[in-house]
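First the structure, in the form of structure tokens, and then the observations on it.
The values are calculated or read from the model by the stated rules, or taken from the named source; none is laboratory data. These figures come from a predicted structure and were not determined experimentally. Here Cβ is always computed from backbone atoms with ideal geometry, including for glycine, and neighbour counts include all displayed protein chains.
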Amino acid sequence: SRHVVVVGASLAGTRTVQNLRSLGFAGTITLIGAEDELPYDRPPLSKDLLRSDWSTDAVEANRLLSRDELEALDLDLRLGVAATALDTDARRVSLADGTAVAYDVLVIATGAAARPSPWRPASGVLQLRTLAESRAIAERLALGEPVVVVGGGFIGTEIAAAAVDFGCEVTVVDPVAEPMTRIVGPHIASSLVDLHEQRGATTRFGVGVTDIRGEAGALTVVLSDGSELAASTAVVGIGSIPSTEWLAGSGLTLENGVGTDAYLRARGASDVYAIGDVARWPHPERGMDVRAEHWTNASDQARYVAAAITHSASAPFESSEYVWSDQYDWKIHTVGFRTPDGESIVVGDLDADGRVAVIHADGDGNACGAVTVNWIRALNQIRRLLASGGTAQSIADQLQAPAAVVAAP
Ligand code: FAD
């Protein structure tokens, strides 16, 4: 029987092996992960877990699967050892401990790493991608001392919200005027800036960071307008880069991730798939290659590839395109996508109703995505309506019609 090797033991890798077994795959599965940790979930690292008491229970509740579930999967599990090279002719993965593993089918699920901070003072500058880093940030926030967050994307602003809850004086800096615009669109992005300000964070948007000096407890963050911020801790969240160094020289197509075809098969090798944050695949509706960095995408791709391995894939992968973020008491959800040339229709009013939905149209007026705040029912309705097609206006009309909500199953 075939030997499946999965490299990367986080969401995409773990869900692949779970799906393989639940689909009846009985061959050998080797799961290789660089981190010396049982697989865990990342979104809570900037949300609930960051704010938690970090008890053993809290940490264990955040595992992607229990020890018993892991045991039952009957894996050849190699944690704490990174893959260092891939030979697609010999169908072999080399590991950092000097051993090598041969495969019949390889799944690349090595995700992404935080884009390294260009500023490296002695201490006090932290980044967030791993469990250990979340814990280290929580320890600094618990001091209640001033924090500068560099980067106003989802992760940066979630950390800022947590820091405010810890009682820290918080400043968020980003060279972009309304940093979340690309994901949530201008309407919600500007409301988010207001939200952070109202809750007590200071936003310095439209100015960059040029330097960070000093050490933990006594940092100076220098901004591009010449001003300086004193901080005890700086957290730098300036994006991520796909983890593909180990694939150098493998012959795979490496360009902002591992390039695949529409079936998530890596270009340049046979029987090799790439999924999750590391994969870049042709997106049918957008007409271009995309690399998603979202939980649901990684999980969807794991399920798709496990089915392709066990039963062979007949249809190209389709992403459910669903992302969320929690900031203070706001639950933000996005589905689909937005195009820079399309219009958006706003339904509801955050100030008056405490909830809002914004439906995005593409250049032709057809609905292609939406963002909601604190309005799960609209979100679910929009997801169904998006699947059946139509204009953004028609979706907005149906959202406003109470009968449509009642009629929903
Ligand atoms: P990763 O989770 O990056 O895992 C890749 C794994 O591969 C890592 O464990 C890594 O150590 C390992 N690895 C790397 N190189 C090697 C190697 N050479 N050999 C062996 N192993 C290797 N998404 C949302 O949709 N909503 C959210 O609210 C949200 N919040 C987030 C908050 C934080 C703080 C972070 C960091 C991410 C968040 N995400 C969120 C994104 C989501 O967590 C990712 O999309 C998801 O983790 C991707 O899973 P993955 O398995 O593809 O990659």
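Restricting region 1-21 to residues that are away from the ligand (no atom under 13 Å from the Cβ) and either within 15 Å of ASP300 (Cβ to Cβ) or of a type in the set (D, E, K, R) (or both), the residue that is surrounded by the fewest Cβ atoms within 10 Å (Cβ to Cβ) is ARG2.
The set of residues from region 33-47 being within 18 Å of the chain's Cα centre (by Cα) and more than 6 Å from the ligand (Cβ to nearest atom) comprises PRO39, TYR40, ASP41, PRO44, LYS47.
Conditions tested, residue by residue: (1) crowded, with 20+ Cβ neighbours inside 10 Å; (2) near the ligand (Cβ under 10 Å from one of its atoms).
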residue: PRO282; (1), (2): no, no
residue: ALA292; (1), (2): yes, yes
residue: ALA302; (1), (2): yes, yes
residue: ALA306; (1), (2): yes, no
residue: HIS311; (1), (2): no, no
residue: GLU318; (1), (2): no, no
residue: HIS333; (1), (2): yes, yes
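The set of residues in region 335-364 that are surrounded by fewer than 14 Cβ atoms within 10 Å (Cβ to Cβ) and at positive phi contains only GLY354.
None of ARG182, ARG204 is touching a residue at least 24 places away in the same chain (Cβ under 8 Å), among the basic types (Lys, Arg) and not in a loop (DSSP other than H, G, I, E, B) except ARG204. Among residues belonging to region 365-383 that are surrounded by 16 or more Cβ atoms within 10 Å (Cβ to Cβ) and of a type in the set (Gly, Ala, Ser), point out the one that is farthest from ALA396 (Cα to Cα). Among those residues, the one meeting the criterion is GLY369. Somewhere in region 55-75, is a residue under 24 Å from the mean Cα position of the chain (by Cα), surrounded by 22 or more Cβ atoms within 10 Å (Cβ to Cβ), assigned to a strand (DSSP E or B) and within 15 Å of the ligand (Cβ to nearest atom)? Taking every residue of region 55-75 in turn, none turns out to be under 24 Å from the mean Cα position of the chain (by Cα), surrounded by 22 or more Cβ atoms within 10 Å (Cβ to Cβ), assigned to a strand (DSSP E or B) and within 15 Å of the ligand (Cβ to nearest atom).
Right, TRP246: within 18 Å of ARG303 (Cβ to Cβ) and aromatic (Phe, Trp, Tyr) or not? Considered against the rule, which asks whether it is within 18 Å of ARG303 (Cβ to Cβ) and aromatic (Phe, Trp, Tyr), TRP246 comes out as no.
Given the condition under 23 Å from ALA230 (Cα atoms), in contact with a Leu (Cβ under 6 Å, 6 or more places away or on another chain) and part of a loop (DSSP other than H, G, I, E, B), answer yes or no: does some residue in region 111-126 qualify? Taking every residue of region 111-126 in turn, at least one turns out to be under 23 Å from ALA230 (Cα atoms), in contact with a Leu (Cβ under 6 Å, 6 or more places away or on another chain) and part of a loop (DSSP other than H, G, I, E, B).
Looking at VAL258, VAL272, VAL278, can you tell me which residue is buried (at least 21 other Cβ atoms within 10 Å of the Cβ), near the ligand (Cβ under 10 Å from one of its atoms), within 18 Å of VAL7 (Cα to Cα) and modelled with pLDDT of 95 or more? Spell out the reasoning first.
Working: VAL258 fails: near the ligand (Cβ under 10 Å from one of its atoms); VAL272 fails: near the ligand (Cβ under 10 Å from one of its atoms).
After applying the criteria, what remains is VAL278.
Residue-wise test of (1) away from the ligand (no atom under 15 Å from the Cβ); (2) of a type in the set (Val, Ile, Thr); (3) at pLDDT below 95.
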{"site": "PRO121", "(1), (2), (3)": "yes, no, yes"}
{"site": "LEU128", "(1), (2), (3)": "no, no, no"}
{"site": "GLY151", "(1), (2), (3)": "no, no, no"}
{"site": "ALA161", "(1), (2), (3)": "no, no, no"}
{"site": "CYS168", "(1), (2), (3)": "yes, no, no"}
{"site": "VAL173", "(1), (2), (3)": "yes, yes, no"}
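When each of SER10, SER55, SER46 is tested for being more than 29 Å from LEU86 (Cα to Cα), touching a residue at least 60 places away in the same chain (Cβ under 8 Å) and of a type in the set (Gly, Ala, Ser), the lone residue that passes is SER46.
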